[in-house]
Protein chains: 2
Amino acid sequence: MEKQTVTIYDVAREAAVSMATVSRVVNGNPNVKPATRKKVLAVIERLDYRPNAVARGLASKRSTTVGVIIPDVTNIYFASLARGIDDIAMMYKYNIILTNSDDAGEQEVNVLNTLMAKQVDGIIFMGNHIDDKLRAEFKRAKAPVVLAGTVDPQGDTPSVNIDYAAAVEEAVTALIKRGHEKIAIALGPLSQSINAEYRLAGYKRALNKAKLPYDDSLVYEAGYSYDAGTKLQPVIADSGATAVFVGDDEMAAGIINASVESGISIPDDLEVITSNDTIVTQITRPAITSITQPLYDIGAVAMRMLTKLMNDKELDEKTVTLPYGIVRRASTKSAE
Amino acid sequence: MEKQTVTIYDVAREAAVSMATVSRVVNGNPNVKPATRKKVLAVIERLDYRPNAVARGLASKRSTTVGVIIPDVTNIYFASLARGIDDIAMMYKYNIILTNSDDAGEQEVNVLNTLMAKQVDGIIFMGNHIDDKLRAEFKRAKAPVVLAGTVDPQGDTPSVNIDYAAAVEEAVTALIKRGHEKIAIALGPLSQSINAEYRLAGYKRALNKAKLPYDDSLVYEAGYSYDAGTKLQPVIADSGATAVFVGDDEMAAGIINASVESGISIPDDLEVITSNDTIVTQITRPAITSITQPLYDIGAVAMRMLTKLMNDKELDEKTVTLPYGIVRRASTKSAE
DNA sequence: CAGTTTGGTGTAATCCATTGCAAAACACTC
DNA sequence: GAGTGTTTTGCAATGGATTACACCAAACTG
């Protein structure tokens, strides 16, 4: 017993009007006589008619669907952006096709092509690195692309971010002011521009302004995970650094716990500042001082921009920079 | 300068064959002479033709898209399931339309209807409670539905879970064996069957078997969040309970931190066991003993079941129960 | 009151593929 | 070379909407 589908044609017949009129009623086109509208709506109600979005998409060339590429949904940072994206998308009646890319270039390109095949009206891309191949794909795409929480040093693609370099600079400068001279920095892969070209640059700038020497051996590269942090901690301890800036909250949590366990007092022996202000920063003991970012808003603003682009409107600014802050918790000493 | 689209018709013309043949080549239909196939593939390559998935969906009545309803992507528990779902979906060439429901019945129904309008081939539903309204919608849907990490006490809908009641019973029994007589239980809303009909039932069973009295006032209802945990902690402390089972990891983290801060020693004064073994359980100090669940697999198995249903195959079992475990960490004393 | 707008509705083309059926092409057999 | 059986291929219907265009009727204009 196949579940049969009610089509616009059925409605037209029952209501004794043409398909065009039914379509107008469904789409809220004002050029329909109120009496006709009422009659059609009654039939729609009676037959429980629901427009087929696929057919609609084919005819109108708009799928009211946007593609979202995310490195990993289980990463709280990106998941928070995704939440902002979805909420705004829903507000504008768009749906989200969400796909994990694992930050892998090849996979990103693949996914992008699948999304284009599905005729998404736009794409929001999240990732840690944009390379030429990706840029080329973005150009090739018929749909607009917006980057969320993702930097493209070349700035071709519209994007929403905070000023990572300035945030790191401010955080590190605060450490310097408290007298630290050996400040380590633990980041994700330096092959990713967010780390190499923004965070590290901010760190260098802070050192520079304070006329402190930049020392390669205080720069650490690790994975974005708790375990990576615990493994990295002894190395940092050996370096003699008295403070560390960390590029990922889970990594920072790993460093904190491993430090405490090996008898290092935080913040007395080592001050720690991290980057994303996720819930993790409140759970550790001591809790972690962090750069704060409007995560939800980064996603939300990116989606708002995308809706504009999808409707062929101009963007006020192509590269949006939202404000960041720094929230002090117990992993750093109070400023004097 | 409109970006023009290459259609199957263009390919057919250029290759001097019919659309049907092109379609066969694209879909890997074996009834094509190798020479023809090669010729068509060459043209496809040259024109950079990519099939329009929407048109394909309309003609074939399959969208190769599945809907996924999730309470909140930023919840690590559900996000982990989603990751399993997406990986398997991708393996079977399906895409995921992901939508947040906030666990709100009305929103869930809405979203379900939108997904059906988009002609998804199947739906994976995650949530904390299934009511009659939802069950009715599931029946009405033309596409199969599978529940992931979500119980339906009536068991109409295929689902993948662990045996929550047994897990809680085992955890609480272990506490009882260590001599606890006043064991509190902190859960999410009791209006949700996972809490009222499974976790609480397991708790009662454990007490029952040990002939301990069941005391209403040791049952706490709170939100699934860190803050809810910190707020709940003083109440638990006042109850005189010497151990507590918690239904959510973030809530447990809140209870732990608030306890430690108010001078309560964990596990000496209060033992804590939680439910989901997310990364949070490793980050707190003490780390939290937890029921372990194969989160990724719950999602993955659910998606596998859905692919079977979408291809009209029979399910071996409709209600799949995956194994759980209990991992001891520092928030409980070692068993003697 | 003829002439022009405007409003409401229908006709039919279009969107881009899939697919059942029929025909053509080819290979064999006797 | 006719007859039979397979492969290949094409024709054309189909899926369920949107939308340009045409048309008629009602309302307005001077």
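The figures follow:
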| item | result |
| --- | --- |
| Flag for B:Ala55 being in a helix (DSSP H, G or I), at pLDDT 95 or above and within 11 Å of DNA strand D (Cβ to nearest atom) | yes |
| Residue within region A:69-89 that is more than 16 Å from DNA strand D (Cβ to nearest atom) and assigned to a strand (DSSP E or B) present | yes |
| Checking A:Glu314 against (1) surrounded by fewer than 17 Cβ atoms within 10 Å (Cβ to Cβ); (2) within 14 Å of another protein chain (Cβ to nearest Cβ); (3) under 27 Å from A:Tyr94 (Cα atoms), the condition it does not meet | (2) |
| Condition check for B:Met126: more than 9 Å from chain A (Cβ to nearest Cβ) and surrounded by fewer than 19 Cβ atoms within 10 Å (Cβ to Cβ) | no |
| Single residue of B:Arg46, B:Arg62, B:Arg50 found to be out of contact with any Ser or Thr (no Cβ under 7 Å at 6 or more places or on another chain), in contact (Cβ under 8 Å) with a residue 24 or more places away in the chain, among the charged types (D, E, K, R) and closer than 30 Å to B:Asn128 by Cα | B:Arg62 |
| Tally of residues being buried (at least 23 other Cβ atoms within 10 Å of the Cβ) and within 7 Å of chain B (Cβ to nearest Cβ) across region A:78-95 | 5 |
| Subset tally (residues that are within 12 Å of chain B (Cβ to nearest Cβ), closer than 30 Å to A:Met126 by Cβ, modelled with pLDDT of 95 or more and in contact with an Asp or Glu (Cβ under 8 Å, 6 or more places away or on another chain)) for region A:253-279 | 1 |
| Number of positions in region B:1-21 that are within 7 Å of DNA strand C (Cβ to nearest atom) and surrounded by 18 or more Cβ atoms within 10 Å (Cβ to Cβ) | 1 |
| Residue within region A:226-239 that is touching a Ser or Thr at 6+ places or on another chain (Cβ under 9 Å), closer than 27 Å to A:Arg285 by Cβ and among the aromatic types (Phe, Trp, Tyr) present | no |
| Residue pairs meeting the criteria (Cβ under 9 Å; at least 6 apart or on separate chains; first within 14 Å of chain A (Cβ to nearest Cβ) and part of a loop (DSSP other than H, G, I, E, B), in region B:6-24; second more than 10 Å from DNA strand D (Cβ to nearest atom) and among the basic types (Lys, Arg)) | B:Val6/B:Arg50 |
| Subset of region A:289-324 [under 19 Å from A:Gly84 (Cα atoms) and of a type in the set (Gly, Ala, Ser)] | A:Gly299, A:Ala300, A:Ala302 |
| Residue in region A:36-49 that is in a loop (DSSP other than H, G, I, E, B), surrounded by 14 or more Cβ atoms within 10 Å (Cβ to Cβ) and within 10 Å of DNA strand D (Cβ to nearest atom) present | yes |
| Test: residue in region B:57-77 that is within 11 Å of DNA strand C (Cβ to nearest atom) and surrounded by 21 or more Cβ atoms within 10 Å (Cβ to Cβ) | yes |
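The values are calculated or read from the model by the stated rules, or taken from the named source; none is laboratory data. Given the structure is predicted, the values throughout are model-derived calculations rather than measurements. Positions of Cβ are backbone-derived with ideal geometry, glycine not excepted, and every protein chain shown enters the neighbour counts.
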